[in-house]
Amino acid sequence: GTNWNAADIVVTAGAQEGLAAAFSAFLDPGDEVILCEPFYPFMLGAVRLAGAVPRVVTLRAPDFAIDTEVIRTMEDMAASDRCKMIVLNTPHNPTGHVATEAELNAVASICVAHDLLAVADEVYEHCVFAASGASHRQLCSLPGMQDRTITLGSGGKLFSLTGWRVAWAIGPPELTAPLGSAHTH
């Protein structure tokens with residue numbers, strides 16, 4: 001697993017603040033962000049508020065997997081000089097899909113090949129349907145991803161107390177330190 005220490009963690013007032021801080025800290029006007037649809041509606045506005053441009057790739061029913069077509073679309077989007085970030089939500093809300101090892105490797109490969117930052121919205125990491133046989137693996141644990149991934153977690157989701165609004169962003173200090181002051185820009 002990945003070892004973290006206090007310098008790698010920023011506590012936020014909910015995962016929404018973590019998302020907004022990541023977008024504000026690392027995106028400039030005109031930068032592009034790859035979002036997998038369906039996505040948490042807040043993301044669209046937060047990306048736009050940072051001055052960035054959402055690039056949406058649609059996950060299809062019934063499994064909402066990051067399939068060959070989605071990977072090809074992501075690769076095309078990532079090839080743009082303006083593309084700076086991929087946001088990955090797994091386990092996925094609202095579909096419940098848990099990204100497979102192959103899906104995670106595909107996203108990691110795109111991030112590494114195009115030098116993209118990854119924001120891994122993993123607030124539902126402990127909410128995996130046992131009957132599905134799936135298991136969650138953090139995107140940051142894949143080769144080449146620890147230094148380019150901001151992982152978001154949520155105490156509200158972990159403890160089923162969503163009113164708490166206590167969350168965290170984990171990553172190397174060069175990624176997490178700017179999050180603490182992003183809201184002051």
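The values are calculated or read from the model by the stated rules, or taken from the named source; none is laboratory data. Quick caveat, the model's predicted, so the values are computed rather than measured. Note that we place each Cβ from the backbone using ideal geometry, even for glycine, and neighbour counts take in every protein chain shown. The protein model used for the area step is the full one, side chains on, heavy atoms only, and it has no ligands, DNA or RNA in it. Shrake-Rupley method; radii C 1.70, N 1.55, O 1.52, S 1.80 Å.
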Send over the per residue convex hull volume for the chain, Cα only, as a whole number of Å³.
112 Å³
Explain nothing, just compute: Karplus ³J(HN,Hα) = 6.51 cos²θ - 1.76 cosθ + 1.60, θ = phi - 60°, for every residue of the stretch 141-152 in order, whole Hz, x for Gly and Pro.
7, 7, x, x, 9, 4, 7, 10, 10, 9, 9, 9
With r as the distance between the Cβ atoms of S135 and D81 and R0 = 35 Å, compute the FRET efficiency 1/(1 + (r/R0)^6) and round to 0.05.
0.45
Run lengths n ≥ 4 of DSSP H only: what is the helix-derived mean residue ellipticity at 222 nm for the chain, with -39500 (n - 2.57) per run over all residues, to the nearest 500?
-9000 deg cm²/dmol
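Compute the relative contact order of the chain as a whole-number percentage, counting only Cα pairs closer than 8 Å that sit 6 or more residues apart in sequence. Working shown, then result.
Working: 350 pairs, mean separation 54.0, N = 185.
In percent, rounded to a whole number, it is 29.
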Over the chain, with the other protein chains present, what is the accessible area per residue in square angstrom, probe 1.4 angstrom?
48 Å²
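With a 1.4 Å probe and all protein chains left in place, how much of the accessible area of the stretch 40-155 comes from carbon and sulfur atoms, in whole percent? The partial results should precede the final answer.
On the way: 2840 of 5400 Å².
Result for the stretch 40-155: 52 percent of the exposed heavy-atom area is carbon or sulfur.
Suppose the chain between I9 and E37 were pulled fully straight at 0.36 nm per residue; how much longer would it get relative to their current alpha carbon spacing? Don't jump to the answer; show the numbers that get you there.
Values: separation 28, 0.36 × 28 = 10.08 nm, distance 2.77 nm.
Result: 7.3 nm gained on full extension.
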At 25 °C and a viscosity of 0.890 mPa s, what translational diffusion coefficient does Stokes-Einstein give for the stretch 10-107, taking Rh as the Kirkwood radius over Cα pairs? Give it in µm²/s as a whole number.
176 µm²/s
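If the chain between V56 and T95 were fully stretched, how many nm would it gain, using 0.36 nm times the residue separation less the Cα-Cα distance?
Numbers: separation 39, 0.36 × 39 = 14.04 nm, distance 1.67 nm.
So the chain would gain 12.4 nm between V56 and T95.
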